[in-house]
Amino acid sequence: FQISPTKSSATTRTQTTAPHKIRSLRHHISFISQLTFQISPTKMKLTREAIAIAAASLGGSSASSARMLNGTEAVTGNATVLPETNGTEADPGNAIVLPEINELMNMAFPMWEVDENGNRVETKECKVDSCEWNPYYITKRYDGLHPDLGGHPTDNDVKYAFYGSSPFGGQPYPGTPHHCAANATDDVSIGDCPKVVTLSDSSPQGPGHVPPHIALMSLTEGVGDELFAADEMFDYDSSQCRVVPDVLFRMIRNYFPRTEGEAVKYPPPIVPEGGDYQYEFPSGNGIDKQMPPYEPGSPHWCTEEFKAAGGWADFCPYVFDGPDAGKYRHPHIAYAALEVYLAHEAMPDKCGATWLENNPDFIGADHVATNTPFPIMDADDKDATTVENWLGQPVLPLNYTSGDARPGAVVMSAEASAKLINLDAAPTGSNGNGTAPTPATPSPTVATPSSAFVTTGSVAAATIISMVVAIAM
């Protein structure tokens, strides 16, 4: 059975199973489908031994998963329950399927059609209820700009609360987690522009920069473990169609606690402890070997000459060759897609099924762009809406201009984030004990009863699960 939407229905490298997480089993049995059944996490507390028995019984093969990359044969469903606002268990009759994370991204950010080379087949008018996004994504150069340019929203655009962004003050690398001095010149090294790292969540900068994949994993696990009820997770008056930042923070700290006086060391997205995110395609093999199995490294594929020059890797394209070309997706886009899905289920009268429906100002005339300035690239002579342009590599020596200040640009700064958290709140919901909370009176903006997320599988799988649950009890 498949559980965690952070884990792709495809795997392009050898996977390891985190023994303390049921969700890691999806790699072994994601090929089972047909029969829909519901499993409530409150009644399914499996032991490590029971998990091992289930994996062994199903053969432990992930070969078929490799056929499912990019949602082409994705198994839908996850044994996860969004806790109801009245404290009762979810009704199987109200069950819905929680898709795999790439499918969620395609739902929240509908993609346009491309040919075999990634070129857009048809250009349509971009409207709030019908705009399409680029599925052949290979550069962040146009993030924060109009979707027709091929970029996606930035971390600031999706209002990821713990991004710890630098301002658009005219300094180098604005709108990124890198903070350069206000008087820094454009030739400053990215290494001299640190991210916000704090030693205490009570600092003026709160938790500092928390990588978006950590929020993605924490939200996924938090929903699965029923840490918060729907009316705790969402409050339209304060947070619109986003998870309440303080609730997200408490989820993060539930899985990634801080030792006071120390920096939190977050694992990278490509390992099980960091969410085992399948859309990174790291470049550890080098630019000439863009194929699985991938080795740890930046998701940006730079030339050896550029790496030797010490430039910022983010200027280089994402995977652009081989079987996974164009399939990179930002963890903050995955997080936003999951957030959109959950918000739409919790508040269907307030929140739409796509990100743009909930953020129409992004394509409004008054939108202040949050894109990151790029240096001169070797394909700047190509049309900005083409794959040829997106494939550009930085020209050496680097010719970078940070640009002017942008008053009015949305910035998710660490100082602002610090004001959104309540360090005195219970860590895991209204009952504070890590189990399904007993929430207060339902909010009128939260749909009740809430939906349960279900999984799919065969009769044989259902039988095995019954055995495992019996063993675990």
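Quick note: the coordinates plus some simple rules give every number you see, no bench work behind them. This structure is a prediction, so every number in the text was calculated from the model and none was measured. Glycine also receives a Cβ, built like all others from the backbone with ideal geometry; neighbour counts cover every protein chain displayed.
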Potential lengthening between His146 and Asp404 on full extension [0.36 nm per residue; Cα-Cα distance subtracted]:
90.9 nm
At most 10 other Cβ atoms within 10 Å and a DSSP loop assignment: could you name the trypsin sites (Lys or Arg not before Pro) in the range 172-274 that fit?
Lys265
Given the Cα atoms of the range 284-326, and with Rh set as the inverse mean 1/r over their pairs in the Kirkwood sense, what is Rg to Rh to two decimals?
0.94
Say each of Ala263 and Val197 gets a label point 7 Å from the Cα, pointing the same way as Cα to Cβ; how far apart are those two points in nm?
0.1 nm
Within 10 Å of each candidate Cβ there may be at most 16 other Cβ atoms; applying that plus a DSSP loop requirement, which GluC sites (Glu not before Pro) in the range 252-345 survive?
Glu260, Glu262
Averaging over all projection directions, find the projected area of the Cα convex hull of the range 294-384 and quote it in nm² with one decimal place.
9.1 nm²
Kirkwood Rh, angstrom, the range 368-435 [1 / mean 1/r, Cα pairs]:
16.6 Å
What is the log10 of I(q)/I(0) for the range 181-242, computed with the Debye formula using one identical point scatterer on each Cα and no solvent, at q = 0.24, 0.30 Å⁻¹?
-1.11, -1.13
The range 190-220 and the range 298-358 have their Cα centres apart by a whole-number Å value of 18 Å
Can you give me the long-range amide H partners of Met111? Hydrogens built in the peptide plane at 1.01 Å from N, cutoff under 5 Å, separation of 5 or more residues or another chain.
Trp133
On a 18 Å Cα-Cα criterion, which of the cross-link pairs Lys159/Lys265; Lys159/Lys419; Lys289/Lys327; Lys327/Lys382 come out too long?
Lys159/Lys265; Lys327/Lys382
Which semi-axes, in whole Å and largest first, does the equivalent ellipsoid of the range 260-312 have when worked out from the alpha carbon gyration tensor as the square roots of 5 times its eigenvalues?
25, 17, 7
Straight-line reach from Lys127: which aspartates and glutamates fall under 13 Å, measuring Cα to Cα and dropping same-chain residues less than 8 apart?
Asp148, Glu357, Asp361
Run the simple label-point estimate for Ala182 and Asp237 please: 7 Å along Cα→C-beta, distance reported in nm.
3.7 nm
